[in-house]
1. Sort T310, T39, T135 so the one with the fewest other Cβ atoms within 10 Å of its own Cβ comes first.
2. Compute the semi-axes of the equivalent ellipsoid of the stretch 193-335, taking the square root of 5 times each eigenvalue of the Cα gyration tensor, and list them largest first in whole Å.
3. I need the fraction of alpha carbon pairs in the chain separated by more than 32 Å, rounded to a whole percent.
4. So for F217, F141, F26, F61, fewest C-beta neighbours within 10 Å to most, what's the order?
5. One quarter of the convex hull surface, Cα atoms only: what value does that give for the stretch 1-117 in nm²?
6. Which cross-chain or sequence-distant (5 or more) residues have an amide H under 5 Å from the amide H of I53, H modelled 1.01 Å from N in plane?
7. Using just the alpha carbons, could you tell me how many Å³ per residue the convex hull of the stretch 253-325 encloses?
8. Which of the trypsin sites (Lys or Arg not before Pro) found in the stretch 275-335 are loop residues per DSSP with 14 or fewer other Cβ atoms within 10 Å of their Cβ?
Amino acid sequence: MTTEEKTRWIENHGSGFGVVREQDDFLHLHDNPPGASVTETYYFGFHVAEQAIHGYVYVWFHPNLKVVTAGCLISKGMRPSTMAADYMDIRAYLAMDDHVDHETGIMHFPMGLELRPIEPMKSWQLTLADSGNGTSFNLRFSAAQEAVVRADQKHFDQNMHVQGDLCLRGQEHRVDCYQIRDRSWQNLRPEDPMPVPPYDWLTLTQGAGFAMNLSLFDDLQVLGNPQNRLHVPPVLLQDGWVHINGELRRIVQVDKRTERQAHNLSPIRHCVEAVDDKGDVYELVGESVGGCNWNGWPNMIWHQNLMRWTCNGQQAWGESQEVHWHELVHLLHRA
């Protein structure tokens with residue numbers, strides 16, 4: 001399997017967009033391709049901007065193995081590692097059928113986390129019960145825009161209006177933000193070590209009227225490529241879209257420069273120029289204000305940061321999910 005085949009799950013295959021279907025907000029229990037690495041995920045993020053609080057719920061199924069990884073991570077400001085987060089409880093190996101009601105789509109997990117679909121593709125209720133450290137939440141995720149489906153009909157992103165209450169270590173906070181959720185299904189996601197550049201999933205929103213998502217590899221012009229050991233994919237932009245003035249457009253060109261912390265390579269600042277299929281240009285500068293990393297699986301590390309963006313001079317909020325594989329980190333630390 002080539003490197004491009006191993007990373008096929010992050011790419012938009014085909015032109016244009018897929019079709020919004022209510023059934024894609026529920027588990028795909030049938031017609032999955034063979035293979036242990038077949039994956040289905042739910043990702044819901046939220047933030048309290050003025051407090052630099054960033055949280056997310058991640059549910060990662062391996063349907064052919066009948067197991068699920070699930071939990072929640074919340075950080076206030078920048079934290080050096082997952083273990084330093086203000087709240088972290090993610091369980092790696094749970095029996096899928098013990099935690100999902102296949103009739104209703106409700107999911108519940110041992111840390112007191114529940115995900116409840118209210119209206120497919122439009123509304124979810126997420127709750128976390130206090131497990132003893134003074135942390136709980138009750139959040140409604142409501143569609144601010146229609147889902148943006150990839151052409152292969154195996155992934156979507158969606159700008160959500162998140163409202164509710166969060167208690168973090170005994171401190172009460174009101175959540176009222178816009179953030180992009182995502183869903184993936186029926187793709188192989190091999191855990192092989194891969195000698196590739198950093199991979200970024202970048203999002204930003206300005207309320208219900210504007211949202212953007214970029215999925216791309218770094219071009220290594222800032223980081224460098226010691227000994228030419230890293231394989232730079234022939235196409236860096238894997239997926240991208242912008243929803244502006246009620247219109248959905250494809251991003252067709254991106255140039256990105258990233259500044260990173262020296263000790264762990266976590267992004268400090270992204271400077272991006274993106275061009276859509278109408279020729280409009282978006283000048284973006286994003287600064288990390290909160291977050292930490294997580295080893296989603298042992299052969300990678302994922303830097304998950306809340307970003308304060310400016311887009312053509314206007315403030316926006318969103319996320320930077322940057323994935324690093326072993327060879328990249330090893331080479332750059334040696335260099």
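1. Working: T310 14, T39 20, T135 24.
The most exposed by this proxy come first: T310, T39, T135.
2. Calculated on Cα positions only, the semi-axes equal 27, 16, 13 Å.
3. More than 32 Å apart: 24 percent of the Cα pairs in the chain.
4. Neighbour counts put them in this order, fewest first: F26, F217, F141, F61.
5. Mean orientational projected area (the stretch 1-117, Cα hull): 10.0 nm².
6. The list, which skips near neighbours in sequence, is V48, G77.
7. Numbers: hull volume 7.3 nm³, N = 73.
Value for the stretch 253-325: 100 Å³ per residue.
8. Answer in residue order: K278.
No lab work stands behind these numbers, since they all come straight from the coordinates. Just so it is clear, the structure is predicted and the values come from calculations on it, not from any experiment. Note that we place each Cβ from the backbone using ideal geometry, even for glycine, and neighbour counts take in every protein chain shown.
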